[in-house]
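One structure is given below, encoded as structure tokens.
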Amino acid sequence: MPRLLIVDDEMRIRELIRKYAKFEGYEVDEAADGMEAMKKCRSGNYDLMILDVMMPELDGFSVCREIRKYSTIPVIMLSARGEEYDRIHGFELGVDDYVVKPFSPRELMMRAAAVLKRSGAAAAGEKEIYQKDGLRVDFTGRQVTLEGQKLNLSPKEYDLLFYLVRHRGVALERERLISQVWGYDFYGDDRTLDTHIKLLRKSLGPMSGAIVTLRGVGYRFDE
């Protein structure tokens, strides 16, 4: 049974998510602030964290930044603000999905299932290494290096790059990338894909040109 940690300073939000999560069969724990969340994340074994951004003392971005120093737990971030800057900042910190308040609890549970599905598939890994022009992609160890330097990619950046590299030279439609990287039951919009492509190109630096935009179609990874 997957274990969820719900982090929000509003009790009614925690109760709402807990109700739907338990109905879906999840084991649920809660934290009312960022400090409590960090303590529980260190001592507990959770499969997914649903994390609010706006909290007193320690906000969700700060919590995610600290947790990413020692954990790869999937994170779905909740926020009343849906500006591109906030979404990009969250994804840069390693957030797996970003949900804007007010939200549908049923949709949130679908997103949670999709994130858990993808993280489980990623954990299985594949015995394969791709290396070309200073770029080394280790599918088994989920590591990417550029000119010998390890790139600190978010979980979804890893998944997206791995899929692009595995299908290098192939024109990949936007819908195909979203369904394969985020899951067929992903309920977000395609701006999420564009945001991650932007972040991935930034991380790849001089190799960013390998990700080619195909107008009206999607993207292709060229060697």
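Here Ala37 meets the list (1) surrounded by 16 or more Cβ atoms within 10 Å (Cβ to Cβ); (2) under 16 Å from the mean Cα position of the chain (by Cα) almost entirely, failing just condition (2).
Among the residues in the stretch 58-73, are any under 20 Å from the mean Cα position of the chain (by Cα), among the charged types (D, E, K, R) and either surrounded by 22 or more Cβ atoms within 10 Å (Cβ to Cβ) or assigned to a strand (DSSP E or B) (or both)? Among the residues of the stretch 58-73, not one is under 20 Å from the mean Cα position of the chain (by Cα), among the charged types (D, E, K, R) and either surrounded by 22 or more Cβ atoms within 10 Å (Cβ to Cβ) or assigned to a strand (DSSP E or B) (or both), which makes the answer no.
This table checks each residue for (1) among the basic types (Lys, Arg); (2) closer than 20 Å to Val181 by Cβ; (3) outside any loop (DSSP other than H, G, I, E, B); (4) open to solvent by less than 60 Å² (accessible area, probe 1.4 Å).
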site	(1), (2), (3), (4)
Tyr46	no, no, no, yes
Arg81	yes, no, no, no
Asp86	no, no, yes, yes
Val95	no, yes, no, yes
Arg136	yes, no, yes, no
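Of Asp190, Asp194, Asp159, all but one fail to be at pLDDT below 85 and acidic (Asp, Glu); the exception is Asp190.
For beta carbons closer than 8 Å, sequence separation of 6+ or different chains, a first residue in the stretch 93-113 that is more than 16 Å from Met49 (Cα to Cα) and a second that is open to solvent by 20 Å² or more (accessible area, probe 1.4 Å) and modelled with pLDDT of 90 or more, the qualifying pairs are Arg106/Tyr20.
Pairs needed: first member in the stretch 48-76, more than 20 Å from Asp159 (Cβ to Cβ) and among the basic types (Lys, Arg); second member anywhere, open to solvent by 20 Å² or more (accessible area, probe 1.4 Å) and not in a helix (DSSP H, G or I); C-beta distance under 7 Å; at least 6 residues apart or different chains. So the pair list comes out as Arg65/Leu93.
The values are calculated or read from the model by the stated rules, or taken from the named source; none is laboratory data. All values reported here derive from a predicted model rather than from experimental measurement. Backbone-built Cβ (ideal geometry, glycine too); neighbour counts: all protein chains shown. Accessible surface areas use protein heavy atoms only, side chains included; no ligands, DNA or RNA. Shrake-Rupley method; radii C 1.70, N 1.55, O 1.52, S 1.80 Å.
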